[in-house]
Structure formats: C-alpha cells, structure tokens
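The structure under discussion appears below in the form of structure tokens.
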Amino acid sequence: MPSRPELLLFDLGGVLVEFSGVEDIVPWLRETTAENVAEEAIRQHWASCDLLREFEFGRISASDFAAGFVEEWGLTLSPAGFLTQFESWTKRLYPGARELLEGLRPTYRLAALSNSNELHWRRNEALLGVQALFERAFSSHETGFRKPDPAAFRFALEALEIDPGAVVFFDDVEANVKAARDLGISAEQVVGVEGLREGISKLGLLK
C-alpha cells in the first residue's frame, strides 16, 4: 500500500449498498419447476448468466433483459413484474456507510467502481444518493467494462487521472481484488460496512 493513498475506490453492492439478488429468485424457481433446485445450482446459473452480463455491459435494453430472463429461468412473473422485483434488489445504504465516507472525504479523494445496470444505477442515484457521495462513480453499463476485466480499472484510473499506486480499492469479490492488485492497485476484500471499517482501520486510513 502507498504510504498515504490519494484516492479510495469502492465497490458498491455488498460493501456500501445492501443488495439482494440470487436469493430472491429461489422461490420463483421452486414454484415453476417440479424439482427442488439447489441454491448452489442457482448461484452457478446466475454467475454464468449471459443476459445479466449483457445488461451490465449496457448492450441490451431493460425490456429485452426482462423478457429473456423470464424465459431462461422459467419464471411465472411477467417481464414487467420481474423488472419491478429486480429493481428492488438494491435495498439501501448500509447503516453507517454515509458517515464513514464523510469521515474519509476530508483526507482522500473518493470514487466508486461497480458492475451495475441502468435500473439499479438509477435507483442508487434517485433513492440512495450514492453518486453524490463520490467525486466520480463508474458503472459497467456506462463504461462498457465489467470487473474483473483490467479495462474496467484502467478506465477509472484514466478518468480520475491517477496512478494505480496511489489508489486503495475495496470490493467483496476476490477475483476483483486480485485483478486490481495485478494492476498495481492496493486492494482489500471486505464485506459490508463493518468489514470495510475494519479494512480501513487495518490500513491506518482513518484516525
């Protein structure tokens, strides 16, 4: 880690923002199939879902994503009903998240780097005011790059005009942390605000 980083870069979902996803579709799948689908199988399907990736790349519309998702997963919901549920998966800022960032802002530049989509990003901005907490907030559906692709990090570094060695990155996904480190960015895997607070304290970033 740099002796004193200039910028702290944060993932959103699972770190600063409470987000529920794959767990919410388990009941729907069990209602529409005769088999008791194991949660791990659902997680694996979710992780390899091309439709979700295309939506997070900004390559397909919300309506096309919903129609394809309902068909692929065999949901009983209509596409419109699914979109309502899907958008609500972004819940809230974790308690204490705003105060933690406000405590860091006088000392560091703050930015966010998220794999997201137009619906969740809109909710982040309208209901949670997330983007106002950062100098810049980057979403994959706008940049066209998803973590852990190194291009996602390079895009943010170039836009922020900063060297990787002056950045500390926090994410809840191990692959994203590794990708950042491979580029020379100091990175910590943390989960939730308490995990983030512990990571920040361990690095001596918040007095």
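Read-outs: derived from the displayed coordinates by stated rules, not from any lab. No experiment lies behind these values; they were computed from the predicted model shown. All Cβ positions, glycine included, derive from the backbone under ideal geometry; neighbour counts span all protein chains shown.
The distance between label points at R197 and A41 comes to 4.1 nm (points 7 Å beyond Cα on the Cα→Cβ vector).
Determine the shape class of segment 129-199: with a ≥ b ≥ c the square roots of the Cα gyration tensor eigenvalues, call it rounded for a/c under 1.5, and otherwise prolate if a/b is greater than b/c, oblate otherwise.
Rounded, since a/c falls under 1.5.
Helix content alone sets the calculated 222 nm mean residue ellipticity of the chain: runs of n ≥ 4 DSSP H residues at -39500 (n - 2.57) each, divided across all residues, give -13000 deg cm²/dmol.
With each label modelled as a point 7 angstrom along the Cα→C-beta vector, the L205-S88 pair spans 3.4 nm.
Can you classify the chain as rounded, prolate or oblate using the Cα gyration tensor, where a ≥ b ≥ c are the square roots of its eigenvalues, rounded means a/c under 1.5, and otherwise it's prolate if a/b beats b/c and oblate if not? Walk me through the intermediate numbers first.
Details: a/c = 2.00, a/b = 1.89, b/c = 1.06.
The shape class here is prolate.
Starting from the Cα gyration tensor of segment 78-160, take the square roots of the eigenvalues, sort them a ≥ b ≥ c, and report rounded, prolate or oblate (rounded when a/c is under 1.5, otherwise prolate if a/b is larger than b/c, else oblate). Oblate, because a/c is 1.5 or more while a/b does not exceed b/c.
Look at the alpha carbon pairs under 8 Å that are at least 6 residues apart: their mean separation over the length of segment 47-182 gives a relative contact order of 24 percent.
If only the Cβ of Lys and Arg carry +1 and only the Cβ of Asp and Glu carry -1, the dipole of the chain around its Cα centre is close to 720 debye.
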